[in-house]
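K.L.:
To start, I am sharing the structure in question, which I have written as structure tokens.
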Amino acid sequence: MKVKKAMKLVEEKLPKKRYQHSLRVAETAKQLADIFHGDKDICEMAGILHDYFKYDDLSELYQKVTKYKLETELLAYSSEILHGPVAAAYFKNEHNIDNQEIFDAIYFHTTGRRQMGLNEKIIFVSDYIEPERTQPGVEEIRDMIYKEKDIDKAIYEISKRTVLYLVAGDKTIYPATIDCLNYYNLQK
Ligand code: DGI
Ligand code: FE
Ligand code: FE
């Protein structure tokens with residue numbers, strides 16, 4: 001699929017603000033691909049498509065988990081966890097995007113996981129630091145990327161903040177989120 005087609009699909013599917021977020025993630029990811037020697041085309045495509053199912057009803061997402069034979073473990077989680085895996089499977093199956101790195105980057109963009117590939121790491125971080133993100137401490141993460149150029153440290157700090165936030169809100173933590181935290185704690 002060409003970039004323009006991907007943009008058009010996302011523009012038609014998502015509210016304007018979420019479409020614009022997707023474009024900013026793609027732009028940020030291209031920048032990070034330059035800095036860390038990732039693949040700009042993979043980063044751009046994954047960035048554009050990553051949140052495609054962000055606002056689908058849970059029942060629609062569950063149907064697609066079954067249709068695309070994704071892990072049944074996913075059925076215990078909400079759309080916050082599901083929108084990535086379902087988008088990865090949808091674009092692979094319905095739009096012939098058969099690039100494993102794009103698949104992984106979209107699939108794990110919310111949770112991260114242990115041993116992420118470079119482009120997968122770039123999407124995970126770009127989603128968190130794109131220019132309009134304003135969560136407390138985001139500037140520290142931007143410094144780890146743009147000044148220290150330490151992507152593994154940034155991943156650990158993002159995971160840590162996410163887990164703290166989830167625990168504080170009594171949310172269920174998906175296993176890959178914890179794996180990511182532990183793995184990058186030892187890498188940083
Ligand atoms: O889709 P975005 O808003 O751009 O960002 P995202 O896909 O990273 O989603 C962020 C949300 O997902 C945020 O509110 C935290 C939540 N999240 C991340 N890891 C987990 C999680 N929610 C649960 N319940 N469990 C997790 O492990
Ligand atoms: Fe997302
Ligand atoms: Fe996002």
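K.L.:
Multiply the residue gap between Y55 and T72 by 0.36 nm, knock off their C-alpha separation, and tell me the result in nm, one decimal place.
P.N.:
Working: separation 17, 0.36 × 17 = 6.12 nm, distance 2.06 nm.
Contour length minus the Cα-Cα distance gives 4.1 nm.
K.L.:
Another question, then. If I take every Cα pair under 8 Å that is 6 or more residues apart in the chain, average their sequence separation and divide by the length, what percent do I get for the relative contact order? Before the final figure, lay out the partial values.
P.N.:
On the way: 257 pairs, mean separation 37.5, N = 188.
Reported as a whole number, the value is 20 percent.
K.L.:
What whole-number value in Å² describes the accessible area per residue of the chain for a 1.4 Å probe?
P.N.:
Details: 9650 Å² over 188 residues.
Dividing the accessible area of the chain by its residue count gives 51 Å².
K.L.:
Right, something else. Sort 41-50, 165-174 for me by packing, meaning the mean count of neighbouring Cβ atoms within 10 Å per residue, highest on top.
P.N.:
Working: 41-50: 26.3, 165-174: 11.8.
In descending order of packing, they fall as 41-50, 165-174.
K.L.:
Which sequence of Y19, Y184 reflects their accessible areas, 1.4 Å probe, from the largest down?
P.N.:
Values: Y19 30, Y184 5 Å².
From most exposed to least exposed: Y19, Y184.
K.L.:
Also, I was wondering about something else. Once you have the Cα-Cα distance between K16 and D152, take 0.36 nm times their residue separation minus that, and quote the gain in nm to one decimal.
P.N.:
Details: separation 136, 0.36 × 136 = 48.96 nm, distance 3.17 nm.
Here the answer is 45.8 nm.
K.L.:
Given 0.36 nm per residue, what is the gain on full extension from V163 to I35 after removing their alpha carbon distance, in nm?
P.N.:
On the way: separation 128, 0.36 × 128 = 46.08 nm, distance 2.72 nm.
Gain on extension, V163 to I35, equals 43.4 nm.
K.L.:
Moving to a separate point now. Any idea what the relative contact order of region 1-54 is, in percent, if you count C-alpha pairs under 8 Å spaced at least 6 apart?
P.N.:
Details: 46 pairs, mean separation 23.2, N = 54.
Relative CO of region 1-54 lands at 43 percent.
K.L.:
Under 10 Å, Cα contacts only: if you run a Gaussian network model on the chain, which one of L14, L75, L164 comes out with the highest mean-square fluctuation?
P.N.:
Highest fluctuation among the options: L164.
K.L.:
Separate question: With a 1.4 Å probe and all protein chains left in place, how much of the accessible area of the chain comes from carbon and sulfur atoms, in whole percent? Before the final figure, lay out the partial values.
P.N.:
Values: 4670 of 9650 Å².
About 48 percent, which is the carbon plus sulfur part of the accessible surface.
K.L.:
Identify which of Y52, Y77, Y107 has the largest mean-square fluctuation in a Gaussian network model of the chain, with springs joining Cα atoms closer than 10 Å.
P.N.:
Y77
The values are calculated or read from the model by the stated rules, or taken from the named source; none is laboratory data. Small disclaimer: the values here were computed from a predicted structure and weren't measured. Note: ideal-geometry Cβ built from the backbone for every residue, glycine included; neighbour counts use all protein chains shown. Surface accessibility is based on the protein's heavy atoms, side chains included, excluding ligands, DNA and RNA. Shrake-Rupley method; radii C 1.70, N 1.55, O 1.52, S 1.80 Å.
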